[in-house]
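The values are calculated or read from the model by the stated rules, or taken from the named source; none is laboratory data. In this text, all values refer to a predicted model and were calculated from it rather than measured experimentally. Cβ coordinates were reconstructed from backbone atoms using ideal geometry, including for glycine residues, and neighbour counts include every protein chain displayed. The protein model used for the area step is the full one, side chains on, heavy atoms only, and it has no ligands, DNA or RNA in it. Shrake-Rupley method; radii C 1.70, N 1.55, O 1.52, S 1.80 Å.
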Amino acid sequence: MANDVLNSLLKEYEQKKVRAELDLERRKSILYDLIPRLKEIDEELNHYAFATTKNILNLTDKNKSQVFVSNLQNEIQKLKKEKEQILINNNYSVDYLKPFYECKLCNDTGYVTDENNHTVMCSCLKQKLLDISFNEANMYNIKKENFNFFNENLYSDKKDASRYRFDISPRENILNIKNKCLEFVKHFDDIQYNNLLFTGSTGLR
């Protein structure tokens, strides 16, 4: 079941990635027609990238290779700056000719490379799996059902010992319970701190 969920999510990621890249090609096509120089720059960048790789592989003289590659990289940087300036001058963001991936960490693949150069699951994919687990366990509403949304005004501030069987109001009582719960969470890792025990008839909340 877990593998089925993961495989289904990875298919969604693949579709998102494809959509982002198709969208990029559409934007490129439009801008290339409007500003032909952008297409020329991209073609030159592709040429320099190929030339850099080719010369690294072919040049046997290490020093000459480093100088040649350094010169190519300088040309690449000049072209990139020119491209960015053209986009800015025409009121486009500098990343307009890059894919608009939903997740900037994994580029909509679901996986990233960690500091040890290992491929690991991206935080976005982990969160989606967690959300699905919460939904299946009927726990998703935990995002709303917590003390940040606690409303003490839902409880009466009237004391009635005969009705409630204690000498404080329901509001005072629930605030005491809330404080005990918060204190418990604060000392959750303290093995010397007492646990909480909730009792009552079935269905009470």
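Identify, please: which residue in segment 94-116 is of a type in the set (S, T, N, Q) and surrounded by 11 or more Cβ atoms within 10 Å (Cβ to Cβ) and is, among those, farthest from HIS47 (Cα to Cα)?
Our first condition is that a residue be of a type in the set (S, T, N, Q); within segment 94-116, this holds for 107, 109, 113, 116.
Of the ones still in play, those that are also surrounded by 11 or more Cβ atoms within 10 Å (Cβ to Cβ) are 107, 109.
Numbers: ASN107: 25, THR109: 27 Å.
Out of the qualifying residues, it is THR109.
Per this entry, ASP167 is not counted among residues that are acidic (Asp, Glu) and open to solvent by less than 60 Å² (accessible area, probe 1.4 Å). Looking across segment 149-163, just one residue is in contact with a helix residue (DSSP H, G or I) (Cβ under 6 Å, 6 or more places away or on another chain) and not in a loop (DSSP other than H, G, I, E, B), and that is GLU152.
Scan segment 101-115 for residues that are in contact (Cβ under 8 Å) with a residue 12 or more places away in the chain and part of a loop (DSSP other than H, G, I, E, B) and the total you get is 9. Among the residues of segment 81-93, the one identified as of a type in the set (Ser, Thr, Tyr) and either open to solvent by 60 Å² or more (accessible area, probe 1.4 Å) or touching a residue at least 60 places away in the same chain (Cβ under 8 Å) (or both) is TYR92. A Cβ distance below 9 Å, combined with a sequence gap of six or more or placement on separate chains, defines the contacts here; from segment 158-181, residues that are without any contact (Cβ under 8 Å) to a residue 60 or more places away in the chain reach residues that are of a type in the set (Gly, Ala, Ser) and surrounded by 12 or more Cβ atoms within 10 Å (Cβ to Cβ) in the pairs LYS158/SER169; LYS159/SER169; ASP160/SER169; TYR164/SER156; SER169/SER156; PRO170/SER156; ARG171/SER156.
Residue-wise test of (1) in contact with a Leu (Cβ under 6 Å, 6 or more places away or on another chain); (2) of a type in the set (Asp, Glu); (3) within 30 Å of ASP4 (Cβ to Cβ); (4) surrounded by 11 or more Cβ atoms within 10 Å (Cβ to Cβ).
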site	(1), (2), (3), (4)
MET121	no, no, yes, yes
PHE149	no, no, no, no
ARG171	no, no, no, yes
CYS181	no, no, no, yes
